[in-house]
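Report on the following structure.
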Amino acid sequence: MNRFTSLRALATAAAFAVALAACGGGSGTAPSAPAQNGYNPTNGIPPALQIPDWNQNVLEGASYAGPLNGGMLSVNVLVHQQNPQGLEQYARDVNDPHSGEYRQWLTPKQIGERFGASMADYQKAADYFQQQGLVVGAWPQHMLLTVSGEQAKMERAFGTTFGRFSRFGQTFVAPTSTPHFLSAIPVDAVGRLVSYEPMHSYMMNPPRVGAAVNLGYSPQVVRAAFDLNNAYAQGFNGSGVTIAIIGTGPIDTANGNAGAACNVGGATTGPEGDYDLSALTAIYGASAANVYEQCVTANGVAAGLQNSGIPTTAPNPTPLPPGATPPPGNNFFPYSNAFATPPPVTSPSCSGTLPACNPEDGEAQLDVQQASTLAPGATVDFYLAYNAADCFTYFPTPCATSGSNAGQPLIGLSEADPEIQQVIADDTADVISMSYGGGEIQQFPNGATSYQDSYYHLEFAALAAEGIAAFASSGDSGSAECLSQFGYLPQPCVSYPSGDPYVTSVGGVTAYISAFGALQGPILAWGISTSEPAGYGAAGATGGGTSTFMAAPVWQQQALSPAPTLREQPDVSMIGDPNTGVTMFSNARFGGAPNDIGGTSVAAPEMAAVWALVLSACKAHPGSGMCPASGSGHYWRLGNASPYFYTVLSGKANLPYASTIYDVLYGSNEMQTTGTPGVPVPGASAMPGYDETTGVGVPYAGHLIQAISGVSVP
């Protein structure tokens, strides 16, 4: 059967909104409502002052819902890059065995000097926003600046006002007129001027009712089922390897105060621990990695500031009046030694009831618990991006000016990019895990034009240039990752960032496993065919399909037949179906209990943990098999992980494909929708070799280590 035969689906037109990056409250005069047919991107504004790529397309069809009063806002500014195409080319070459630059990993400073913004441009852009009284965060790779501050100051800096808008039932913040700069500054794009985003997490709640202790698979069951125990027996448990979790919210640290004692700039002194991880390991008697919480932003200032090149000591800026031009050469920064004592993030004052007293995020707990228990010898760095200049809106009363929600910072998917920037800047993680994503054609509505030099794509190219392996969930909606209750798109829709060629896309399977870790039947592709009867089964299916515009990377073209022209995903799979989910412990400090959880949010951190075991073998046996030889720097890193799975598929590894990876042969990612009962969304079918449901299949961890490192793992 041809790989492409069964993947034909429709997807819906709506995106998922993240928490608004603005506070409500106060009063004011409403600005004139904008035109309902979107914005003219020029609107008479001189080209030198126009803001490129600020996502104005989302405003097509949106309705004006009223003014925004007294808000605090934060945006991501991509300063003009000297050579973005050069960074992407280097990311390809450094991961290509035939290139002279193979495995010559770069530092963040080298990335900034060779490919990022020039120091002059980076400083000029920072000066502009600082002169408007805004807080600016910076990193040594010279890609993004985070810009945060009061609504009035942001409005002055961007030559517009902000209002509330509604689209497909979602309320979000956006400019009420075409934004522009007051003077020409070197900027390639601005993200989050419109807070409507397609990203969402891929954790699925338990499909069965009635919580009880020990629901879901224990860490020991997963270890036994997927051959991790044999790896441990050889000493390969992730020792010496660091896994970074890109968080969607805080974990419940052992000190009970999220962010209060988090580390700075990749520091690994004083692990904060994770209260819920400790609760999980206690009930099962399982080991787990040390967990460190890393600061990313505080008051809008990036932890990478110290090495960014922008001075860290200077007088406070004097805001310019509207329309004024910043004077040249003002090299100052409004904070001195900003991260000597990071400001705490405190829980609201209340009587101990949930959820107001516990700001932890279930997705964050799930990711940390899976990675930590499956790679117990590794170090797990949980990256928490929080910004006291933004309001945090997932509590029942968003952005309240008083009461139990007052003062909570913004934490969520809109902060993921500062987290990734910090991972690049720290350069301490060897593997990162991301359990979120959204429809590719919602994230990049202009296709390759908006994708190629976007800061999303450049971030992953930078990670690949540093040798860091990135894993991301492929999605929980089959071939229709743009699907929601709002309607259909006229084409299939795969997930991003899992589809980026520098990211390994991790799909989900249905795996029935005994209490002793033995498979009770074949592993299946997760989809409608593996769901329980209506009312009991979990809606959803493993994400997979073909990109509409991303070219197939060379490692897919060489390994698959027929050779694809466009990127296919997933690349590999682990547990996903909530019907065969894992145990997650949450709210332990507040009387919580274990839950049975699924989704490809389970699969991504599981696969990141397996890869950490592979890297620990390479660290212990440099030069063996495909492992890099010992040398300076992060010699044990393998870079982008995806090509290695296709090397195994092609029979060019140290063990045969059939001995290394479980080839999933049955099931599909056809999905039953909740909005149109009885009308499933078509999907792809599992088949021998590669398919768009499970990728190359499910790896046996011990044999994967042997296939790559050449070290025998019986």
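The values are calculated or read from the model by the stated rules, or taken from the named source; none is laboratory data. As the structure is a prediction and not an experimental result, all values here were calculated from the model. Every residue, glycine as well, gets a Cβ built from its backbone with ideal geometry; the counts of neighbours run over all protein chains shown.
A few remarks follow.
- So A658, is it in contact with a Ser or Thr (Cβ under 8 Å, 6 or more places away or on another chain) and either acidic (D, E) or at pLDDT 90 or above (or both): no
- Residue that is under 14 Å from P699 (Cβ atoms) and in contact (Cβ under 8 Å) with a residue 40 or more places away in the chain, where the choices are W611, W636: W611
- Any hit, segment 612-632, residues being at pLDDT 95 or above, under 28 Å from S201 (Cβ atoms) and not in a helix (DSSP H, G or I): no
- Residues of segment 127-146 satisfying the condition of being closer than 13 Å to V79 by Cα and either over 24 Å from the mean Cα position of the chain (by Cα) or assigned to a helix (DSSP H, G or I) (or both): D127, Y128, F129
- Enumerated strands (runs of 3 or more DSSP E) restricted to segment 421-530, each holding at least 2 residues that are of a type in the set (F, W, Y): none
- Lone qualifier among A641, A588 - being among the aliphatic types (A, V, I, L, M) and either without any contact (Cβ under 8 Å) to a residue 12 or more places away in the chain or under 19 Å from A244 (Cβ atoms) (or both): A641
- Failed item in (1) in contact with a Phe, Trp or Tyr (Cβ under 6 Å, 6 or more places away or on another chain); (2) over 19 Å from F471 (Cβ atoms); (3) surrounded by 24 or more Cβ atoms within 10 Å (Cβ to Cβ), with G540 passing the rest: (1)
- Check on F115, crowded, with 24+ Cβ neighbours inside 10 Å, in contact (Cβ under 8 Å) with a residue 24 or more places away in the chain, touching a Leu at 6+ places or on another chain (Cβ under 7 Å) and farther than 27 Å from V58 by Cα: yes
- Test: residue in segment 61-81 that is at pLDDT 65 or above, part of a loop (DSSP other than H, G, I, E, B), under 25 Å from the mean Cα position of the chain (by Cα) and under 25 Å from Y122 (Cβ atoms): yes
- Only listed residue being modelled with pLDDT under 90 and surrounded by 17 or more Cβ atoms within 10 Å (Cβ to Cβ), chosen from T281, T269, T248, T318: T248
- Identity of the residue in segment 157-178, among the small types (G, A, S) and not in a loop (DSSP other than H, G, I, E, B), that ends up farthest from T107 (Cα to Cα): S166
- Unmet criterion (only one of (1) farther than 30 Å from A62 by Cα; (2) in a helix (DSSP H, G or I); (3) among the charged types (D, E, K, R)) for E101: (2)
- Pick from segment 147-156, criterion touching a Leu at 6+ places or on another chain (Cβ under 8 Å) and not in a strand (DSSP E or B), ranking: modelled with the lowest pLDDT: Q151
- Listed by position, the strands (runs of 3 or more DSSP E) contained in segment 544-607 that have at least 1 residues being over 19 Å from the mean Cα position of the chain (by Cα) and over 17 Å from D367 (Cβ atoms) are 545-551, 566-569.
- Subset of segment 44-60 [surrounded by 15 or more Cβ atoms within 10 Å (Cβ to Cβ) and part of a loop (DSSP other than H, G, I, E, B)]: I45, I51, D53, W54, N55
- Only one of P714, P682 that is more than 18 Å from M574 (Cα to Cα) and in contact with a Lys or Arg (Cβ under 8 Å, 6 or more places away or on another chain): P682
- Test: residue in segment 661-680 that is free of Cβ contacts under 8 Å to residues at least 12 places away in the same chain, part of a loop (DSSP other than H, G, I, E, B), β-branched (V, I, T) and surrounded by fewer than 17 Cβ atoms within 10 Å (Cβ to Cβ): yes
- Here Y90 clears all of (1) surrounded by fewer than 24 Cβ atoms within 10 Å (Cβ to Cβ); (2) outside any helix (DSSP H, G or I); (3) not basic (K, R) except the condition numbered (2).
- When the residues of segment 548-564 are filtered to those that are in contact (Cβ under 8 Å) with a residue 24 or more places away in the chain and polar (S, T, N, Q), the one that is surrounded by the fewest Cβ atoms within 10 Å (Cβ to Cβ) is Q558.
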